[in-house]
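> Below is the structure I would like to discuss, written out as C-alpha cells.
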Amino acid sequence: MSDNSKKEQEVTGQKNDNTAKNENDQKDTKDLSLEEKLKETEDKLLRSLAEIENQRRRFEKEIKDAFEFGSFNFAKESLAILDNLSRAKIAIKNDNVLKENKDLEKFIENIDVIEKDLISIFEKNRITKIVARGKKFDPNIHQAMTEVEDEKSEVGTIVQEIQSGYMFGDRLLRPALVGVAKKKNSKIEEKEEKKGEK
C-alpha cells in the first residue's frame, strides 16, 4: 500500500469517526432539545394556568366591586331618608300648633317604626352607624365641625354629634360630623393679658 492510500484511509477513517461523532452529537442534541422542549412546554402550560387563575380572580373581584359600588351609592343616598325622618320628628315635637294635637304621639310612634325598619334593613346589608359621642376623635371616620370648651372631657374627645356617620362593611359610607372637646383658654388668656400690661 502506498503512502497516499494510507493517508486516504486515515482521512476516510477520521471522516467516518467525525461523522459518527456528529451523528451522536445530533442525537444528544435531539434528545436534549426534546427534554428542553418538554420543559419549555410544561413551563408555558404552568404560566398559562397561572394567568388564567389570576384573570379569574381579577374578574371575581371586579364583579364584587361593581356590585358593592352600586350598593354603596344606593346606601349613601338612602341615608338622606333616615336623616329626614329624624329631622321630621324634631320639627314636629318643636311645633307649637302640633303639640296640642291629640294624635301627635301616635304619629311620632309611626315615624319611629319606619325609622327602626330602615335601620334594620341597613344592618342586614352591613350598613352600621358609627358610635361617636364619648369616643376619641378619629379623622378616618369623623369630621370635626367645631371645638367645644369642656373641662369634664379629655381634649380630643367627641362631645357633640351633629350628624351621624355610617360604615358600609369596612368602608366609610359617610363620616360622622362632630364637635370635639378642647380645654378652656381662660388661664392662657390671663397670662397673655398680664404680659401685655407689663
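The values are calculated or read from the model by the stated rules, or taken from the named source; none is laboratory data. Predicted model, so just to flag it, every value in this text is computed and none were measured. Because the Cβ atoms are built from the backbone with ideal geometry, glycine has one as well, and the counts that use them run over all protein chains shown.
> If only one of K129, K152, K93, K102 is at pLDDT 90 or above and basic (K, R), which one is it? Show your work before the answer.
On the way: K152 fails: at pLDDT 90 or above; K93 fails: at pLDDT 90 or above; K102 fails: at pLDDT 90 or above.
Just a single option satisfies the conditions, and that option is K129.
> Scan region 65-92 and report the pairs whose first residue is in the same structural domain as I111 (by TED's automatic domain parsing) and under 16 Å from I119 (Cβ atoms) and whose second residue is in a helix (DSSP H, G or I) and acidic (D, E), with Cβ atoms within less than 9 Å and a gap of 6+ or a chain change.
Matching pairs, first to second residue: L82/E115; L85/D112; L85/E115; S86/E115; K89/D112; K89/E115.
> How do the pairs read when you match residues in region 98-111 that are free of Cβ contacts under 8 Å to residues at least 60 places away in the same chain and within 12 Å of A88 (Cα to Cα) with residues anywhere that are aromatic (F, W, Y) and not in a helix (DSSP H, G or I), using Cβ under 8 Å and keeping only pairs 6 or more apart or on different chains?
Cβ pairs passing all conditions: none.
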